[in-house]
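Right, one structure below, let's go through it.
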Amino acid sequence: METPIIPSDTGLNELVYEPAEDSFLLLDALEQDLVKSFQGNLSEDVVNVLEVGCGSGIISTAIAKSEKLLNGRLPCVFALDVNPNACLLTEKTGEANQVATSSLHAVLFDGRHCSRNPFRVQFDIIICNPPYVPILPGENTEDENSGLLQQSWDGGPDGNRFICPFLSNVHHLLNDDGLLYMLLSTWNDPEMLVKDVALPNGLNGVEVIKRTAGRERLSVWKFQKIGLSSV
Ligand SMILES: C[S@@+](CC[C@H](N)C(=O)[O-])C[C@H]1O[C@@H](n2cnc3c(N)ncnc32)[C@H](O)[C@@H]1O
């Protein structure tokens with residue numbers, strides 16, 4: 001999978017999360033796992049993909065260009081973010097990487113409480129690199145303007161303020177045989193999330209890849225609906 005170029009002349013880059021180790025680990029996981037998951041899948045339907053928290057658009061753009069990983073099926077990607085600058089930059093990243101506008105749609109939307117599905121489809125693939133860093137109230141005010149940028153990493157006191165409601169509700173958005181890929185850190189206690197949050201809401205989770213990055217131990221987890229999963 002090609003790593004997309006993020007255009008640097010948009011005036012938006014400082015207002016949006018810059019791709020880092022977590023973004024690249026998620027790209028590696030998708031590159032490894034999607035080929036296996038779509039091997040032998042001969043459907044000609046479009047693959048509906050949702051990224052929640054698209055930031056610069058690096059992941060959504062890579063997926064929008066990833067027909068090869070999807071066994072020739074065409075992806076149609078919805079990229080959500082609460083930061084309007086991220087939606088704008090995602091559109092520009094798509095353009096800079098020659099993604100057809102029909103393949104990538106950036107939408108300003110809060111994806112944390114997806115207790116109902118506002119979309120007309122359920123998704124075949126959902127991807128999320130969430131805000132996951134434990135931050136105490138008042139701590140870390142790097143983003144003095146609007147707090148929009150801090151929302152990129154601020155996971156609240158235990159790191160799970162976004163992750164728990166999202167994992168509890170995301171099954172509403174996922175196809176019965178759909179795949180959810182989510183980046184987690186040891187700070188989030190992934191095993192606890194699988195057992196106490198995902199499983200009671202009908203999702204199985206397995207670790208796909210892990211890497212140490214400075215003081216963080218990052219991993220990407222694949223979730224599938226129970227009963228239909230081959231995990
Ligand atoms: C860690 S960054 C990941 C950005 C990009 N996907 C990447 O991997 O480089 C998390 C992103 O989630 C967005 N975000 C935070 N809370 C959100 C919410 N409730 N709904 C949608 N997006 C949210 C942030 O604005 C930020 O762009």
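Readers should treat all values here as calculations from the given coordinates under stated rules, not as data from a laboratory. As the structure is a prediction and not an experimental result, all values here were calculated from the model. Cβ atoms come from the backbone with ideal geometry, glycine included; neighbour counts cover every protein chain shown.
Provide the FRET efficiency to the nearest 0.05 for the residue 24-residue 67 pair, computing r from the beta carbons and using R0 = 22 Å. If you can, show how the numbers build up before the last one.
Values: r = 21 Å, r/R0 = 0.97.
Computed FRET efficiency for residue 24 and residue 67: 0.55.
Annotation: extensible slack from residue 116 through residue 31 equals 27.6 nm (criterion: 0.36 nm per residue apart, minus Cα-Cα distance). The distance between label points at residue 207 and residue 191 comes to 0.9 nm (points 7 Å beyond Cα on the Cα→Cβ vector). Look at the alpha carbon pairs under 8 Å that are at least 6 residues apart: their mean separation over the length of the stretch 1-68 gives a relative contact order of 61 percent.
So what is the relative contact order for the stretch 22-225, in percent, with contacts set as C-alpha pairs under 8 Å and at least six apart? List each step's numbers first, then the result.
Values: 421 pairs, mean separation 40.6, N = 204.
Across the stretch 22-225, relative contact order equals 20 percent.
Each Cα pair of the chain feeds into the Kirkwood radius, which the Stokes-Einstein equation turns, at 4 °C and 1.567 mPa s, into a diffusion coefficient of 73 µm²/s.
Along its principal axes, the stretch 99-231 has C-alpha extents of 43, 36, 28 angstrom, given from the largest down.
Grab the DSSP H runs of the chain that are 4 residues or longer, score each as -39,500 (n - 2.57), total them, divide by all residues and round the 222 nm result to the nearest 500 deg cm²/dmol.
Details: 4 runs with 45 residues, N = 231.
Value at 222 nm, helices only, nearest 500: -6000 deg cm²/dmol.
Of all lysines in the structure, the ones whose alpha carbon falls short of 30 Å from that of residue 225, not counting any fewer than 8 places away in one chain, are 36, 65, 68, 195, 210. Among 162, 38, 223, a tally of other beta-carbon atoms within 10 Å of each Cβ gives an order, fewest to most, of 38, 162, 223.
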